[in-house]
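So the structure is just underneath, and the comments pick up after that.
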2 protein chains.
Amino acid sequence: MRKILLSHGEGGLATERLIESVFASKLSNAYLAEMEDSAIFELDGKKYAFTTDAFIVEPVFFPGGDIGKLAVSGVVNDLAAMGAKPLFFSADFIIEEGFSIDKLDIIVESFAKELKEISAVLVAADTKVVPIGQGGDIYIAVSAIGEVICEVGTHMIQSGDEIVISGDIARHSAAIISVRENIETEPTILSDCAPLWDLVNTAFESDAVIHAMRDATRGGLATILVELSNKSDTGMEIYQEKIPINPQVSVICELYGFDPLYLACEGVMVFFTAEDNAEKLLSVLKKHNLGKNAEIIGRVNNDIGVILHTPIGGKRKLIKLEGEQLPRIC
Amino acid sequence: MRKILLSHGEGGLATERLIESVFASKLSNAYLAEMEDSAIFELDGKKYAFTTDAFIVEPVFFPGGDIGKLAVSGVVNDLAAMGAKPLFFSADFIIEEGFSIDKLDIIVESFAKELKEISAVLVAADTKVVPIGQGGDIYIAVSAIGEVICEVGTHMIQSGDEIVISGDIARHSAAIISVRENIETEPTILSDCAPLWDLVNTAFESDAVIHAMRDATRGGLATILVELSNKSDTGMEIYQEKIPINPQVSVICELYGFDPLYLACEGVMVFFTAEDNAEKLLSVLKKHNLGKNAEIIGRVNNDIGVILHTPIGGKRKLIKLEGEQLPRIC
């Protein structure tokens, strides 16, 4: 009997194959075929975005956030990546029997706080309790509707575009690893988990021409670049020494043999600007609290695939991850 | 330490108290305060409905349906109850490690089939895998956006309104009980689980004036009447002998001591029509495949609470259930 494996949920090739064989064959349509972070549809001639995500992070509390903050951030960032301002949210809290109500209280509090900060509203919610499994857990499924403020999309990426990253990479995964492995760093590595709508809106208010955006979540920066390169039929080259990374995060990665290019961020947006627009965008991002580590990391070309230029002059072709290096991170 | 209990998820008073103490204090807003089956919001002056539900039924396959069909039906019916035509859906499949891919295949197939029948589209989806808990389970969280075709709502219920039910009660719960308890009936009791948008749309096309609707799901007919009576500040009286019930369902209820008034339906809508409009509605419903057992069961008055008239001339005041009689039915 074919059975579901943990790797089927990790966002890599196993997930892709499951989705292809079980879901896509039955549920395919023009909206899902776009494979963007949010679906875009029209209501009365105006464009809206709709997205969903289920969050199953372990542990539910981590330095820099918790599953409540993560759930809002993840969904906001999927809307923001499609140029949409978050409006209305729904949330389903699926809680295992035995979960602490005090913990639930903190999680709901931080969920509410993040929503408030971006002036979005939770309009529909459900709470279900499931029998105890592996020990007091909680899953949150969130959907949200946003209004498209600026039309962007993978299809707009073209040779000559410049690639700008809004912050340092791999911090969310590194924070989760630190907790799981009981590593103490000084200072503590905080997850970058944050809703990026305000940052993206600020970018729109600059006069930089933005073609596409993607938040570098599961699979990390490398995976999203490879995906977008494949989908837009372009090549990309990025420069390793330009990619911002926190020194503590580098140490954790070396210690555990993780490649930070493949570790998840939860508060980092990758922008594709029209040629010669990156500097304009960069100066605006750097003034924003969530963009102060922003950098121009590379450009789009007419080649095939994504090439990483290493500091010593080497070239490395980036590939897509088979499975997530870390399960249950978002 | 205060802990989550199964009863916190059963939709009764324990759920209410949890929602009040943990969720409402932090997330309250004008949309949630309406406590309707869907939230109604405006986009460019036009009204839309948005709703969500998480499904955790045990067993996932039951006579008359499975969790896939149930998930679409439940959400469609929450939109339909607010007069909204289902448009766009999102779904999160949270699957335990070890769940059979063949079963998943059937579930996704029936999810897709139901969506197709009502011409709605799944535009956003996520699949996550969680470590094995109590043995190969699946949870589906579904959200959906609908367009309000006819404005209805609990606030429109008034003395004189007539109460019409679209079908026989308690069938979903009875079907689940039959499977769990290994009871064989001849014929098999089938869950009534069905998306009711087409039925509701047919009702709108009659010229009956409809003030409000509610699908009689968790807590059954009694619970939703008590809720609507409280909320609309009206009294209601219903007649037991008018309430349609399948004979096999009656037998199961007697055998196990369940009150069918409190058992869940998943394909039954309760309509509140303006005075003298019930007959018009009834004749239209009866012509529809999902409404052939429809009946006028009572009326709204100026009293307090919901009174059930028994066949022998007695009166019984209906109360709200403390907890669901059956956990994990939807």
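The values are calculated or read from the model by the stated rules, or taken from the named source; none is laboratory data. Predicted model, so just to flag it, every value in this text is computed and none were measured. Glycine also receives a Cβ, built like all others from the backbone with ideal geometry; neighbour counts cover every protein chain displayed. Side chains are part of the model used for accessible areas, which takes the heavy atoms of the whole protein and leaves out ligands, DNA and RNA. Shrake-Rupley method; radii C 1.70, N 1.55, O 1.52, S 1.80 Å.
A few notes on this one:
- Listed values for the range B:82-95 are Karplus-derived 3J(HN,Hα) couplings in whole Hz (6.51 cos²θ - 1.76 cosθ + 1.60, θ = phi - 60°), namely 9, x, 10, 7, x, 10, 10, 10, 10, 8, 10, 9, 9, 10, and x replaces Gly and Pro.
- For chain B, a Gaussian network of Cα nodes joined below 10 Å ranks B:Asp92, B:Asp37, B:Asp102 by mean-square fluctuation, and the top entry is B:Asp102.
- For B:Glu109, B:Glu295, the ranking by accessible surface with the largest value first comes to B:Glu109, B:Glu295, using a 1.4 Å probe.
- Among A:Ile101, A:Ile169, A:Ile56, the largest mean-square fluctuation in a Gaussian network model of chain A (Cα springs under 10 Å) belongs to A:Ile101.
- Here chain B carries DSSP beta bridges of which approximately 75% are antiparallel, counting only pairs with both residues inside.
- Stokes-Einstein diffusion of the range B:138-279 at 10 °C, 1.306 mPa s viscosity, Kirkwood radius from Cα pairs, rounded to a whole number: 98 µm²/s.
- With the simple model of a label 7 Å out from the Cα in the direction of the Cβ, A:Asp44 to A:Ser250 spans 5.4 nm.
- The residues B:Arg218, A:Arg328, B:Arg299, sorted by heavy-atom accessible surface at 1.4 Å with ligands and nucleic acids left out, run B:Arg299, B:Arg218, A:Arg328 from largest to smallest.
- Total accessible area lost when B and A pair, probe 1.4 Å, Å² to nearest 100: 7000 Å²
- Placed amide H near A:Val306: partners under 5 Å, 5+ positions off or other chain: A:Met236, A:Leu318
- Estimated FRET transfer efficiency when R0 is 22 angstrom, pair A:Ser100-B:Met35 (beta carbons, to 0.05): 0.25
- 5 angstrom amide H check on B:Gly83, placed H, neighbours 5+ away: none
- Projecting the Cα atoms of B:Gly257, A:Val270, A:Ser21 onto the charge dipole of the protein assembly as shown, computed from C-beta unit charges around the Cα centre, puts B:Gly257 farthest toward the positive end.
- For the residues A:Ala30, A:Ala144, A:Ala84, a GNM of chain A with alpha-carbon springs under 10 Å puts the largest fluctuation on A:Ala30.
- Relative contact order (percent, whole number), the range B:180-286, Cα cutoff 8 Å, 6+ residue spacing: 51 percent
- Selection from A:Leu225, A:Ser166, A:Ala120, by position along the positive dipole direction of chain A (Cβ): A:Leu225
- D_trans [Stokes-Einstein, Kirkwood Rh over alpha-carbon pairs] for the range B:160-235, 4 °C, 1.567 mPa s, µm² s⁻¹: 88 µm²/s
- Seen from A:Ile304, the other residues with C-beta closer than 10 Å to its C-beta sum to a net charge of -1, counting Lys and Arg as +1 and Asp and Glu as -1.
- Charged-residue dipole, Cβ positions (Lys, Arg, Asp, Glu), the range B:36-148 about Cα centre, Debye nearest 20: 300 debye
- 7 Å along Cα→Cβ, label-point gaps from A:Ser250 to other copies, nm, shortest first: 7.9
- Protein accessible area in the protein assembly as shown, 1.4 Å probe - carbon and sulfur %: 50 percent
- Computed over chain B: relative contact order in percent, which uses C-alpha pairs under 8 Å that are six or more apart: 24 percent
- Space enclosed by the convex hull of the alpha-carbon atoms of the range A:1-91, per residue, Å³: 139 Å³
- Among beta bridges that DSSP assigns inside the protein assembly as shown, antiparallel share in %, nearest 5: 75 percent
- Value in Å of the Kirkwood radius, where chain B supplies the Cα pairs that are averaged: 20.2 Å
- Per-selection metrics, the range A:36-148 (Cα): Rg and Dmax in Å: 14.6, 48
- Each 5 Å bin from zero holds the following percent of Cα-Cα pairs in the range A:222-279: 4, 13, 23, 25, 18, 10, 6, 1.
- A:Lys280 sits among other residues whose Cβ lies under 13 Å from its own Cβ, and their net charge, with Lys and Arg +1 and Asp and Glu -1, is -4.
- Kirkwood hydrodynamic radius of the protein assembly as shown, Cα pairs, Å: 25.8 Å
- Over all distinct Cα-Cα pairs of the range B:122-181, the Kirkwood formula returns a hydrodynamic radius of 17.4 Å.
- Long-range HN-HN contacts of A:Gly65 with modeled amide H, under 5 Å: A:Ser191
- Label-point spacing for A:Val179 across the identical copies (point 7 Å from Cα in the Cβ direction), in nm and ascending order: 3.6.
- Separation of the B:Gln240 and B:Lys3 label points, Cα + 7 Å toward Cβ, nm: 4.0 nm
- Pseudo-label separations to other copies for B:Glu42 - Cα-to-Cβ vector, 7 Å, nm: 2.4
- Helices of chain B meeting both criteria, an alpha-carbon length of 15 angstrom or more along the long axis and an average Kyte-Doolittle score not below 1.0, with helices taken as full DSSP H segments, are B:67-80.
- Two-site label geometry, A:Glu117 and A:Asp276: point separation in nm, points 7 Å out along Cα→Cβ: 3.7 nm
- Each Lys or Arg adds one and each Asp or Glu takes one away; over the other residues whose Cβ falls under 12 Å from the Cβ of A:Asp161, this sums to -3.
- Multiplying each eigenvalue of the alpha-carbon gyration tensor of the range B:210-309 by 5 and taking the square root yields semi-axes of 21, 18, 12 Å, largest first, rounded to whole angstroms.
- Separation of alpha-carbon centers, the range A:210-261 and the range B:100-160, rounded to whole Å: 34 Å
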